[in-house]
1. Quick one: would you say residue 79 is surrounded by 19 or more Cβ atoms within 10 Å (Cβ to Cβ), at pLDDT 95 or above and assigned to a helix (DSSP H, G or I)?
2. In the list 217, 197, which residue meets the criterion of being touching a residue at least 12 places away in the same chain (Cβ under 8 Å), closer than 28 Å to residue 399 by Cα and more than 17 Å from the chain's Cα centre (by Cα)?
3. Out of curiosity, is residue 392 in contact (Cβ under 8 Å) with a residue 60 or more places away in the chain and crowded, with 21+ Cβ neighbours inside 10 Å?
4. Taking segment 363-380, which residues are buried (at least 20 other Cβ atoms within 10 Å of the Cβ) and touching a helix residue (DSSP H, G or I) at 6+ places or on another chain (Cβ under 7 Å)?
5. Looking at (1) more than 28 Å from residue 234 (Cβ to Cβ); (2) assigned to a loop (DSSP other than H, G, I, E, B), which is the only condition residue 448 fails?
6. Go through (1) farther than 18 Å from residue 172 by Cβ; (2) in a helix (DSSP H, G or I); (3) touching a helix residue (DSSP H, G or I) at 6+ places or on another chain (Cβ under 8 Å) and name the single condition residue 112 misses.
7. Could you tell me how many of the residues in segment 431-442 are surrounded by 15 or more Cβ atoms within 10 Å (Cβ to Cβ) and assigned to a loop (DSSP other than H, G, I, E, B)?
């Protein structure tokens, strides 16, 4: 039948009828209707690769198993998602994937957070038919197997953002399909093919972190010294200061399962904005942070300095000689994108320090003097939704933790259930105007600047690589002139940052 602009048809899944649209796959329908089908290579709207072979289903009572991620629906189709043959086939395919991972979990950063590991536990993969047993191999065969295995293993830990360890890779191709600048592809041929960077060179990209957020195993993970962070948190001679990016609040609640059981929450400070931050602050204190500040003060100072830089006359300053265009805002990935793909425009990137840098410098200078603390005994740690900030980290910031890493700290400290009483964040200096609290959202910076300058400059905004490329292309072709262009790589802003929880 025809409804609106779509052709709808009826199919049966597990003997129940569903209305489906032409062009949908069986997996699309099952996900929409809450029918669970396991998969590793298929994720969200990414290209359907059908390489993990875990999403098998039976169609039309044929006894033939097909991949649900690539099988399009058809009028009158019947689908069965669970039976003995399906379970057996999934278990065999899963065991093939698991065979190269057996015994490696203990040292993996994503231990207990790995999609492959969870599926192996669910399907009770215990009998390793595809893993050679020591008694079945000669010493020479074992040595040759190890040499062959390690010859195709690449460990890339030479950048401050992303660690790549190919021994955990299941070649699901998510990283290839999600990367906005095509940093990944296939190396070698035939049975030796592996996912990697061109010529297996160290990763050199815009470090948006999308590949880490979407990797189902420990092949790609956040680069960071968790043990050093824990040592600093536990050191009674160190004042551990957390700077919390408001963009992480929803994600942290999902990742840590935050609850605030306090029946009588503490009186909020004057610059307290409520929301989920009270529960987060209580849990950060439980992890060892003595002071917890949100980034609003840094956002406000950043806005003031940006205004001064792009419109000095408005700020009562002299004009900058030879500069007429400004761009990037505080998105590190956007800055890296311009420098990598449009170096001719790099001279127009804002010189203003990012909000966390402004705040960290103030913590180790004015705040340290105010509180009579030796700056050497202060550790400033940023809890961020952004991975690229690690690439452009200033010396004033000691550690940057993604939401995923914050959970790792909790696991390492054996704090599995973070359900501590909430409290308001500490007041920083003289506080900040709450209107700057959402500067992490796409378009907020350009909107506030436009309101302040009132049409004196041409101000634009672009988010996502495609939009940014179009805006920069228009600027280069002189089709459009911007005095200021706000850019954010993550569509929608930092709340969609790839340092967030994958949940």
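The values are calculated or read from the model by the stated rules, or taken from the named source; none is laboratory data. Quick caveat, the model's predicted, so the values are computed rather than measured. All Cβ positions, even for glycine, are placed from backbone atoms using ideal geometry, and neighbour counts span all protein chains on display.
1. Working: surrounded by 19 or more Cβ atoms within 10 Å (Cβ to Cβ): yes; at pLDDT 95 or above: yes; assigned to a helix (DSSP H, G or I): no.
Considered against the rule, which asks whether it is surrounded by 19 or more Cβ atoms within 10 Å (Cβ to Cβ), at pLDDT 95 or above and assigned to a helix (DSSP H, G or I), residue 79 comes out as no.
2. After applying the criteria, what remains is 197.
3. Spelling it out, it is not the case that residue 392 is in contact (Cβ under 8 Å) with a residue 60 or more places away in the chain and crowded, with 21+ Cβ neighbours inside 10 Å.
4. Residues satisfying the conditions are 364, 378, 379, 380.
5. If we test residue 448 against (1) more than 28 Å from residue 234 (Cβ to Cβ); (2) assigned to a loop (DSSP other than H, G, I, E, B), just (2) comes out false.
6. Here residue 112 meets the rest and fails (2).
7. Selection size over segment 431-442: 6.
For every residue, the table says whether it meets (1) touching a residue at least 12 places away in the same chain (Cβ under 8 Å); (2) more than 23 Å from residue 220 (Cβ to Cβ); (3) not in a strand (DSSP E or B).
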{"position": "467", "(1), (2), (3)": "no, yes, yes"}
{"position": "474", "(1), (2), (3)": "no, yes, yes"}
{"position": "479", "(1), (2), (3)": "no, yes, yes"}
{"position": "482", "(1), (2), (3)": "yes, yes, yes"}
{"position": "487", "(1), (2), (3)": "yes, yes, no"}
{"position": "501", "(1), (2), (3)": "yes, no, yes"}
